[in-house]
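Once you've had a glance at the structure underneath, I'll fire off some questions.
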Amino acid sequence: MYKLRGHQLFCLLGYRGMGYSQEYVKNMTQLHQKLRRDPMTKIKLVNGPDQLCEKYPNSGEYHCQNDSIYERDAVILEKLGLNIGQILYWKDIELHVKKYVVPSDIQTVCETCSWRSYGVCEEGIQEIHEGKGLREIR
Ligand code: SF4
């Protein structure tokens, strides 16, 4: 079972192999591929830093404990109709995205994220609506 905080559920949808460091990318790619291949993978929703944050590089500002990131987690979980502590399959998280989220939500819930302008996270939500699941990372 993997532990994830709220906002990473959206980040995984938009993930295209970019990240903060080689180690961060390797870890995120492994999880992304696992979820893509096996949507029955169980996820526990946690409060605060998760196993993706663990690989956040030591250099520069560590933002994973910032209030703004906790707020983003809370807003995203509320939007998805999910709660901290819940355990569910990745495929069910995708179902919640399909039911409760639209691509333009990224513009508001992720307003301050530096990755937002790439447009990949909106694309990721759109692809869930189209029934495509997670995109393959090449
Ligand atoms: S805009 Fe940033 S926080 Fe929001 S889903 Fe994309 S990478 Fe994650």
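Can you tell me which residue in the range 1-16 is most open to solvent (accessible area, probe 1.4 Å), limited to those that are assigned to a helix (DSSP H, G or I) and not small (Gly, Ala, Ser)?
11
Being surrounded by 14 or more Cβ atoms within 10 Å (Cβ to Cβ), in contact with a Phe, Trp or Tyr (Cβ under 9 Å, 6 or more places away or on another chain) and among the β-branched types (Val, Ile, Thr) is the requirement here; does residue 106 meet it?
Against the criterion (surrounded by 14 or more Cβ atoms within 10 Å (Cβ to Cβ), in contact with a Phe, Trp or Tyr (Cβ under 9 Å, 6 or more places away or on another chain) and among the β-branched types (Val, Ile, Thr)), residue 106 qualifies.
Right, next: Just give me the residues in the range 107-122 being under 13 Å from the mean Cα position of the chain (by Cα) and within 8 Å of the ligand (Cβ to nearest atom), in sequence order.
Listed by number, the residues that qualify are 109, 110, 113, 115, 116, 120, 121.
Here's another thing I want to ask about it. Looking only at the range 69-93, filter to residues that are touching a residue at least 24 places away in the same chain (Cβ under 8 Å) and among the small types (Gly, Ala, Ser); which one of those is surrounded by the most Cβ atoms within 10 Å (Cβ to Cβ)?
It comes out as 74.
Could I ask something else about it? So the check is Cβ under 8 Å with 6+ separation or different chains; which pairs have a first residue in the range 99-126 that's more than 19 Å from residue 18 (Cα to Cα) and among the aromatic types (Phe, Trp, Tyr) and a second one that's outside any helix (DSSP H, G or I) and more than 10 Å from the ligand (Cβ to nearest atom)?
100/81
Continuing with the same structure: Collect the residues in the range 34-64 that are within 15 Å of the ligand (Cβ to nearest atom) and without any contact (Cβ under 8 Å) to a residue 12 or more places away in the chain, keeping them in residue-number order.
63
It is to be established whether one or more residues within the range 17-33 are assigned to a loop (DSSP other than H, G, I, E, B), within 13 Å of the ligand (Cβ to nearest atom) and open to solvent by 40 Å² or more (accessible area, probe 1.4 Å). Give the derivation first.
Looking only at the range 17-33, we keep the residues that are assigned to a loop (DSSP other than H, G, I, E, B), and these are 17-21.
The next check asks that each one be within 13 Å of the ligand (Cβ to nearest atom); those that pass are 17-20.
In the following step, the residues that additionally are open to solvent by 40 Å² or more (accessible area, probe 1.4 Å) were identified as 18, 20.
Yes, that holds for at least one residue.
What do you reckon, is residue 132 assigned to a helix (DSSP H, G or I) and open to solvent by 70 Å² or more (accessible area, probe 1.4 Å)?
So residue 132 does not fit the description; no.
The values are calculated or read from the model by the stated rules, or taken from the named source; none is laboratory data. These numbers come from a predicted model, not from an experiment. Neighbour counts are summed over all protein chains in view; Cβ atoms, including those assigned to glycine, are modelled from backbone coordinates with ideal geometry. Each accessible area value is taken on the protein alone, full model and side chains, heavy atoms only, with ligands, DNA and RNA left out. Shrake-Rupley method; radii C 1.70, N 1.55, O 1.52, S 1.80 Å.
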